[in-house]
Structures are given as structure tokens and as C-alpha cells.
Amino acid sequence: VLAILVHRWLPGSRNLKKSVHLCLQSLALASGVFGIWTKFHSQEGIVPNFYSLHSWIGLICITMFGAQWLLGFLNFWHK
């Protein structure tokens, strides 16, 4: 949510706002991927982590957010 508000309250040029937005979104994606990575490298293994609906929804959410980040990067930043 914070990354989307950058365009409203951050003074400066459009490129600065886009850069800050990209950095915040990258930080959020990296945090999510790191959280899933640490859970998969626990002593229990991968299979026990997929018994609940909550874990499946979390994995789908991070995957969709990664796809959204990649498409947004390719569309708006890397023209």
C-alpha cells in the first residue's frame, strides 16, 4: 500500500516517483519470497507446509504478485 501512495505525496519528478515505487515493490516481493524460502527450508520439509488452505493461498498470492511485478517492470520501466 505504501508503494502506491508514493505517487501522491512524494515531491519530485515522475521518474523519481517511479524509482521509489519500484524499490518499495521490489522490497515487498523480496520479503515475501524470503519468507516462503525460509519456510521451505525448515526441518519439516516442503510437504507438511501444504496441508492448509492458508499456505496454498499464500503461495498463490506471492506467485501472482511476482508476475504482476514482472509485467509492470517490463511494461512501464523497461520500454
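Table for the structure above
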quantity: Tally, over segment 12-43, of residues that are of a type in the set (A, V, I, L, M, F, W, C) and open to solvent by 70 Å² or more (accessible area, probe 1.4 Å); calculated: 6
quantity: Test result for ILE57, open to solvent by less than 50 Å² (accessible area, probe 1.4 Å) and of a type in the set (A, V, I, L, M); calculated: no
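The values are calculated or read from the model by the stated rules, or taken from the named source; none is laboratory data. Predicted, not measured: the structure shown is a model, and the values here were computed from it. Side chains included, ligands, DNA and RNA excluded: accessible areas come from the protein's heavy atoms. Shrake-Rupley method; radii C 1.70, N 1.55, O 1.52, S 1.80 Å.
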